Amino acid sequence: MFLDREAVRDEVHSPLWQAGLYQPPGRDVILDPAKLVRGLARVCDERGITIHEHTPIRAVERRASGLRLTSEDGATLAADHVVVATSAYSGWLRRLESQFVPFYDYVLVSEPMTPEQRAAIGWQRRQGMSDANNQFHYFRLTADNRIL
């Protein structure tokens with residue numbers, strides 16, 4: 001739903017917001033990365049998938065039966081499928097370099113706000129917000145009422 005300047009300022013009392021789009025709950029575009037990771041780990045566990053954290057891999061070889069991975073200490077692991085989760089940098093596996101685009105994300109968090117401070121800025125529904133300016137900005141309230 002399109003929000004004009006007045007409607008946006010009813011949501012959050014800021015002169016910076018000129019208009020906006022509202023996505024109803026369930027169609028949110030901002031997520032909590034820690035909750036996402038915990039949820040993915042839970043589903044992997046339920047499906048019998050093993051997660052090997054902090055296991056630098058030196059080599060990946062295709063085999064007729066799947067893949068063979070070799071860790072930095074020389075240990076090997078055979079797998080039918082592998083998910084490479086390395087953040088933005090995967091210099092160890094050259095063939096993936098062209099698939100990654102560096103994306104820088106800086107996060108600042110305020111002190112917890114008092115109820116009076118929250119009332120002064122509006123933002124009563126705790127919805128996430130982002131802008132489409134020339135940089136990536138997003139905002140949300142944390143569980144303890146800090147602005148992230």
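Structure data summary
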| quantity | calculated |
| --- | --- |
| Residues that are without any contact (Cβ under 8 Å) to a residue 40 or more places away in the chain and not in a loop (DSSP other than H, G, I, E, B), drawn from the stretch 108-127 | Pro115, Glu116, Gln117, Arg118, Ala119 |
| The stretch 132-146: number of residues that are modelled with pLDDT under 90 and open to solvent by 50 Å² or more (accessible area, probe 1.4 Å) | 10 |
| Residue within the stretch 26-49 that is in contact with a strand residue (DSSP E or B) (Cβ under 8 Å, 6 or more places away or on another chain), loosely packed, with under 11 Cβ neighbours inside 10 Å and at pLDDT 85 or above present | no |
| When residues of the stretch 116-131 are limited to those that are among the hydrophobic types (A, V, I, L, M, F, W, C) and open to solvent by less than 40 Å² (accessible area, probe 1.4 Å), the one modelled with the highest pLDDT | Trp123 |
| Residue list for the stretch 1-15, filter: open to solvent by 50 Å² or more (accessible area, probe 1.4 Å) and within 18 Å of Arg126 (Cα to Cα) | Met1, Arg9, Asp10, His13 |
| Members of the stretch 33-87 that are in a strand (DSSP E or B) and hydrophobic (A, V, I, L, M, F, W, C) | Ile57, Ala59, Val60, Leu67, Leu69, Leu77, Ala78, Ala79 |
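The values are calculated or read from the model by the stated rules, or taken from the named source; none is laboratory data. These figures come from a predicted structure and were not determined experimentally. Every residue, glycine among them, receives a Cβ derived from its backbone with ideal geometry; neighbour counts consider all protein chains shown. Just so you know, the surface numbers come from the protein's heavy atoms only, side chains and all, with ligands and any DNA or RNA stripped out. Shrake-Rupley method; radii C 1.70, N 1.55, O 1.52, S 1.80 Å.
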